[in-house]
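The values are calculated or read from the model by the stated rules, or taken from the named source; none is laboratory data. Note that the structure is predicted; figures quoted are calculated from it, not measured. Cβ sites come from the backbone with ideal geometry, for glycine too, and all protein chains shown count toward neighbours. Surface accessibility is based on the protein's heavy atoms, side chains included, excluding ligands, DNA and RNA. Shrake-Rupley method; radii C 1.70, N 1.55, O 1.52, S 1.80 Å.
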Amino acid sequence: MDAVRRTTVTVNDRIGRSTFGRIFRLEGSGHEEEIKGARFLTEIRAGLTTFFTMAYIISVNATILSDSGATCVCNDTVDPTCLKNPEYNLCLLDVRRDLITATAAIAGLSSFLFGFMTNLPVALAPGMGLNAYFAYQVVGFHGTGLVSYRLALGAVFIEGWIFVFLSLIGMRQWLVKLLPNSLKIASGCGIGLFLALVGLSYSAGIGAVTGGGTATPMDLAGCPPQYLDDKSGACLSHKMQNPTMWIGIFCGGILTAYLMSYKLKSAMIVGIFVVAITSWPRQSSVTYFPYTDEGNSRFEFFRKVVTFHPIKHTLNAIDWNVMKAPSQFALALFTFLYVDIIDCTATLYSMARFSGVVDSKSGDFPRSTVAYCTDALCISIGALFGTSPVTAFIESGAGIVEGGKTGLTAMTCGTCFIISIFFAPIFASIPPWATGCTLIIVGCMMIRQIVQVNWRYVGDAIPAFVTLLFMPFSYSIAYGLIAGIMTYVVLNTMIYLTRVITRGYIVPFDEDHREYWTYKPNGTLPWFIRIAQDPHGFFVHPTGGAGTRNGSHGSEAGIKDGNSSFDGELSPAVPPKEMRVGEKSADVFGGREIRIEIPRGSVEKADSGR
């Protein structure tokens, strides 16, 4: 073990000191902004963890998107969904394998590109929730919706380029900064709960909970699949008797947590592999390949081990003739826009915050414009492959927990996805109960920051709780954040109007604990907002100096404080007033209240140090 440890340290040190290490700012690289604790082999391990946690998306995304019917055409006059049409189902089987290749390809390309461009440990792939929205609400089951699959891909493609534009003008970054701090924190915690719920579900988890019908929207599950009600999805009997759930809990959950308690590296990978390998023999009660039509199909694909299935049906399947159904196309486009601009942006910001790179002063993270543009560009590339919108994956938290701090984590994950194109039978055969408890553990890690929510003031606490609550229970990150924002606006507007009407006589009892918020967040505002505020001063340099109007460095130039900058015109200079020891002073400066206090004893210390 000592020899392995010494070899690991040597490899990390050599790579850290190299040009490669300096590019990614590894520890020991000598870069002025090197990342403490960022080690090459740790990044590789974190990338592998992220990949194995995300690997389920290869098969799950393909299954969900193939439910839309994709490019298959149903000509059955009796059954409009062609549910039992052999020819249609054969087409769907081929489409599903197309989408397995497409999912692995776009996840690999986007994750590698994102890691290289941003140096963030965040992997990208077609988003869960977004794919279901695409398949079941926009296109409809087997194409029964108002928008065709090809037209919906066109909407996704155009949406990606609109996102690029919004990122370049700073709109997406500004929207994130505009959110109250407690809502930002609550969105990250809500995503953690959402991730845990995914890990508890049947589609991508251990199957411990399920829909309970109309009387109880959620119910205890854990029954074998044959005892699930086809309509409601509830367990008719044999609750908590599914052996796959228990092997997932003990080998994928308890074992992983036990290894993590001793800081064992690769604990999550070990848990996933133990469950997966145990689930591959066909004779066991926990097999992923039962003797059913679906199980036989999985096993035949699994036996190929190494194969390449070309994308024949979904590659560049976009219908560019939007005038066939302009109203439906517009509906699909704007629907994707308002869902994605909140979902994708909030998820990416939450992952950046979870990795610890968000600046506390500016509320932004390094290379945010490049990050948002890369994320948006990958949405359009994914549409060419035939997939639903690509987004930052919340499973990236697994790699971050394993120590991932740089883009090498995302690039490693992307490389694994590209390799998996040729080993798709193996990676598509990792059962959901192998990764379910891993998702729950990552959710636990993400929700730890809930203590930072401002629970002392109702106007901050209630909206944060609504956000936290709605994300998992609405099964949507976007709708959860929308609910929190609406609650915040309505509640705090009512409190503000009450204070104005009563001239400050009636205020909440916990008003002193209110979190500071302004419509002018730190950092440079988007250019169109600056033009609206001051058309003549648009070219004023935000930090003063060259480019300020009339060459002035005075009151009309912005003032930079650390990583924060204050824009806009300042009030004329006033003579400094004399302040006494212990006295406080406050002024509104660039839309932000600045408080100054001279502490007692500071003057005496200053005098003694002369």
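Peptides 157-167, 40-50, 472-482, ordered by how many other C-beta atoms sit within 10 Å of their residues on average, highest first, read 40-50, 472-482, 157-167.
Each Lys or Arg adds one and each Asp or Glu subtracts one; over the other residues with Cβ under 13 Å from the Cβ of I400, this totals +1.
Using the average count of surrounding beta-carbon atoms within 10 Å as a protection proxy, the listed peptides 377-386, 494-503 rank, highest first, as 377-386, 494-503. Given a Förster distance of 56 angstrom, what is the FRET efficiency for E300 paired with Y519, based on the Cβ-Cβ distance and rounded to 0.05? Taking R0 as 56 Å, the efficiency between E300 and Y519 is 0.40. Placing pseudo-labels 7 Å out from each Cα toward the beta carbon at D229 and V78 gives an inter-label distance of 2.9 nm.
Please compute, over every Cα-Cα pair in the range 163-279, the percentage with a separation greater than 23 angstrom. In whole percent, the share of Cα-Cα pairs in the range 163-279 beyond 23 Å is 52. By the Kirkwood approach, averaging reciprocal distances over each pair of separate Cα atoms, the range 264-422 gets a hydrodynamic radius of 19.5 Å. The range 1-35 and the range 302-376 have Cα centres lying 33 Å from one another.
When the solvent-accessible area of the range 199-332 is split by element, carbon and sulfur atoms take up 63 percent of it, the probe being 1.4 Å. Cα centroids of the range 63-94 and the range 163-234: 28 Å apart. Packing around the peptides 255-261, 225-231, 327-333, 396-402, taken as the average count of other Cβ atoms within 10 Å per residue, puts them in this order, highest first: 396-402, 327-333, 255-261, 225-231. For the residue pairs K36/K184; K36/K520; K263/K304; K304/K405, the C-alpha atoms sit more than 27 angstrom apart in K36/K520; K263/K304; K304/K405. Using the Cβ-Cβ distance between H31 and R448 with R0 set to 30 Å, the FRET efficiency from 1/(1 + (r/R0)^6) comes to roughly 0.50.
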